[in-house]
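Read the structure below first, then the notes.
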Amino acid sequence: MLKVGLTGGIATGKSFVLSVLRELGCEVMDADQTAREVVEPGQPAFAEIVAHFGQEVVGEDGKLNRGKLGAIIFNNPAEREKLNSIVHPRVFEAQARWMVEVERRNPQAIVVIDAALMIETGSYRRFDQIIVVHCDPDIQLQRLMERNTLTKEEAMARISSQMPSAEKLKFADFAINTSLGFDDTRRQIESLYEQLRKFES
């Protein structure tokens, strides 16, 4: 089984790359989705988060109010670190269990896990190959403003809170540049998939 990590900055096109790799036959997992699942009410991480951040981060529906939690951690590195220390170990456990299941079911699988903070957390070391998705900084800014209805200043603040793409690219075995749109990106992904298959043959 080939273990592939997929990462890149916010609004660079990771979700599209992941969806095409799934379409081509890879087994894929979205770490953001997993992170949402491990903080559902009833999960140990939910109780820890509420114990630390207080009842105010729980919405009327009984789930975490991601907006309120985000407002607390966005400009507070210590609180962001605390949240990550609660969530990340649970995400890694869920990923490890999933990879064992996939390998049992299909030993020849190419598994791809998409995680924005893979390099920052050091979890990229668990993978055989790393793909970094990136695009022109102006395009990234425009996409983020449109996608999240943000002002230019808000979007720039979010982008600058992450490791720059140029830094992430130093860790890449493969890079996908999404600047030229869906068709060009799909061609790059198809070529990449053929190269990944060679590792498994």
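When the chain is described by a simple charge dipole with +1 on each Lys and Arg Cβ and -1 on each Asp and Glu Cβ, the residue from 13, 26, 109 located farthest towards its positive end is 109. Per residue, the convex hull spanned by the Cα atoms of the stretch 96-141 measures out at 102 cubic angstrom. Per residue, the convex hull spanned by the Cα atoms of the stretch 34-92 measures out at 73 cubic angstrom. Of the cross-linked pairs 68/168; 14/198; 3/63; 63/168, those separated by over 26 Å at the C-alpha level are 68/168; 3/63; 63/168. For the pair residue 47 and residue 104 in one chain, pulling the backbone fully straight at 0.36 nm per residue adds 17.3 nm over the alpha carbon distance.
May I ask you to list the residues of the stretch 111-143 whose amide nitrogen lies under 11 Å from a point 7 Å from Cα along the Cα→beta-carbon direction of residue 182? Output list for this probe position: empty. When the charge dipole of the stretch 117-159 is built from unit charges on Cβ atoms (+1 for Lys and Arg, -1 for Asp and Glu) and taken about the Cα centre, the candidate among 149, 132, 119 whose Cα reaches farthest toward its positive end is 119. Within the chain, the ratio Rg/Rh, alpha carbon atoms throughout and Rh by Kirkwood, equals 0.98.
Readers should treat all values here as calculations from the given coordinates under stated rules, not as data from a laboratory. Model, not experiment: these values are computed from the prediction. Positions of Cβ are backbone-derived with ideal geometry, glycine not excepted, and every protein chain shown enters the neighbour counts.
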